[in-house]
Amino acid sequence: MHSRKLATLAESALEDMKARDVRVIDVRKLTTVTDYMIIASGTSDRHVRSMADRVIADATTAGCKPLGTEGTDAGEWVLVDLRDVVVHVMLGRVRDLYKLENLWDIHVPAVEAAP
């Protein structure tokens, strides 16, 4: 699956689950590790885990089984590695603390949402 299409799929899954402040960041010019970083906030640890589960389920259905996940036990910050797309689903306070956008959104505008 093309990386932009996969990013759109993950973004849609998060928005369907009422994620807050979803950001899709194109990092292709910054790293070879992945093409897109997606960062989203949840309202509780259960919400964070549910959103990550939805991303995993939708990606798997589309034929892109995740390479791995981290953080599902605590649910404060769940990372889903979809190869060309890395999804970070975090509690708001955790997102405020680590400010991932500041690390990756350097001189690269966020990708506009798909129509």
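So here's what we get for this one:
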read-out: Selection within region 51-67 - out of contact with any helix residue (DSSP H, G or I) (no Cβ under 7 Å at 6 or more places or on another chain) and crowded, with 18+ Cβ neighbours inside 10 Å; value: Ala52, Ile56
read-out: In region 11-30, the residues that are closer than 17 Å to Asp45 by Cβ and either under 11 Å from the mean Cα position of the chain (by Cα) or touching a residue at least 60 places away in the same chain (Cβ under 8 Å) (or both); value: Leu14, Ala19, Arg20
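Per-residue answers, yes or no, for (1) within 21 Å of Trp104 (Cα to Cα); (2) touching a Cys at 6+ places or on another chain (Cβ under 8 Å):
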site	(1), (2)
Arg4	yes, no
Asp26	yes, no
Leu30	yes, no
Ala59	no, no
Glu70	yes, no
Leu82	yes, yes
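Since every read-out is calculated from the coordinates, none of them should be taken as a lab result. These numbers come from a predicted model, not from an experiment. We place every Cβ from the backbone using ideal geometry, glycine too, and count neighbours over all the protein chains shown.
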